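As structure tokens, the structure follows; a few thoughts come after it.
The values are calculated or read from the model by the stated rules, or taken from the named source; none is laboratory data. Predicted model only: the values in this text are computed from it and were never measured. With ideal geometry, Cβ positions are generated from the backbone for all residues, glycine too; neighbour counts draw on all protein chains shown. Please note that ligands, DNA and RNA were not included when accessible areas were found on the heavy atoms of the full protein model with its side chains. Shrake-Rupley method; radii C 1.70, N 1.55, O 1.52, S 1.80 Å.
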Amino acid sequence: MINPERWDFDSSRDHVFQGFEEEIDIFRSYLEDMGFSHYTYISYLEDLKLFFSFLHAKTSGSPNISNIGKREIQEFLRKAHRGKAKSTRNRRLMAIRTFFKSLVKADVLDSNPALDVDTAKQEKNHLPIYLNDRELKALFESIPRDAHYLRNKAILMLMGLAGLRVIEIHNLNVTDLIRIPDNPGLRVFGKGNKTRYIPLPFELYDLLLQYENSPALNQDPVMRMLSSYRDSGSGSPGDESRRLQRRHSAI
């Protein structure tokens, strides 16, 4: 196994690269100069081994670098990746492109044949999967009733019922809780340092107040919202809450 911490790979020891020691050395130097990691170098070498093995079998001998074109690269990708993930195909194409690019930069070749080979279109990310009411209820009921029960349930309910991101929960503060009994809410700092108003279900609001007043808060102050105070600037928290509510109702 090749040690990933070494750049001085001896290509002459691998029969696949015999006759191309200079080209592999140029490739290694190029990756090193461009700041690629050792692991990327090793990964690309493994991809090139497959490619060169294909070329050896195709030509029944040592291939000529200058004769390798778009057709050979496409054929390799088609035959070697039939039924496999498109991401693997694209990674190996990138390894081949980078190899030929290093040779062009070193004036060994005039052009990069891999540039004319298109990458495979990968499926876009699937739509997020949401839990229904029954599944959310089962999730909340499965929380262990230990010393961290109120904290853990509050975190999950903030995500499941209020739609907060983990970082937004982490950045919450007691002054962000809008304490209007008949219309509770949260002031949330999100992406782009923008503030938005989120109405809270009464069940979640009551839970946050329970946790705020529980002994567990002082023992395990994980949620900043209920363990620290941030200077909210001029005006009282109530003034800020009403201002945010007016902004929310005007949208």
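When you check residue 197 against the structure, is it in contact with a Lys or Arg (Cβ under 7 Å, 6 or more places away or on another chain) and either aromatic (Phe, Trp, Tyr) or not in a loop (DSSP other than H, G, I, E, B) (or both), yes or no?
Here the answer is yes, as residue 197 does meet what is asked.
Given 93, 131, 109, which one is under 30 Å from residue 156 (Cβ atoms) and either of a type outside the set (Val, Ile, Thr) or exposed (fewer than 15 other Cβ atoms within 10 Å of the Cβ) (or both)?
Numbers: 93 fails: under 30 Å from residue 156 (Cβ atoms); 109 fails: under 30 Å from residue 156 (Cβ atoms).
Just one listed residue meets the conditions, 131.
Sort out which residues of the range 164-186 are touching a strand residue (DSSP E or B) at 6+ places or on another chain (Cβ under 6 Å) and farther than 19 Å from residue 150 by Cα, and write them in order of number.
Within the range 164-186, 178 is the sole residue that qualifies.
For the range 155-171, what are the residues that are hydrophobic (A, V, I, L, M, F, W, C), within 24 Å of the chain's Cα centre (by Cα) and either surrounded by 14 or more Cβ atoms within 10 Å (Cβ to Cβ) or within 24 Å of residue 134 (Cα to Cα) (or both)?
Of everything in the range 155-171, those that are hydrophobic (A, V, I, L, M, F, W, C), within 24 Å of the chain's Cα centre (by Cα) and either surrounded by 14 or more Cβ atoms within 10 Å (Cβ to Cβ) or within 24 Å of residue 134 (Cα to Cα) (or both) turn out to be 155, 156, 158, 159, 162, 164, 166, 169.
Would you check if there is a residue in the range 22-37 being of a type in the set (Phe, Trp, Tyr) and in contact (Cβ under 8 Å) with a residue 40 or more places away in the chain?
Looking through the range 22-37, at least one residue is of a type in the set (Phe, Trp, Tyr) and in contact (Cβ under 8 Å) with a residue 40 or more places away in the chain.
Looking at the range 178-204 only, could you name the residues that are open to solvent by 20 Å² or more (accessible area, probe 1.4 Å) and either in contact (Cβ under 8 Å) with a residue 60 or more places away in the chain or over 14 Å from residue 168 (Cβ atoms) (or both)?
Answer for the range 178-204, where residues must be open to solvent by 20 Å² or more (accessible area, probe 1.4 Å) and either in contact (Cβ under 8 Å) with a residue 60 or more places away in the chain or over 14 Å from residue 168 (Cβ atoms) (or both): 179, 180, 181, 182, 183, 199, 201, 202, 203.
Which of the residues spanning the range 44-58 are open to solvent by 70 Å² or more (accessible area, probe 1.4 Å) and more than 35 Å from the chain's Cα centre (by Cα)?
Correct list: 57, 58.
Is at least one residue of the range 74-81 out of contact with any Pro (no Cβ under 9 Å at 6 or more places or on another chain), open to solvent by 80 Å² or more (accessible area, probe 1.4 Å) and under 15 Å from residue 117 (Cα atoms)?
yes
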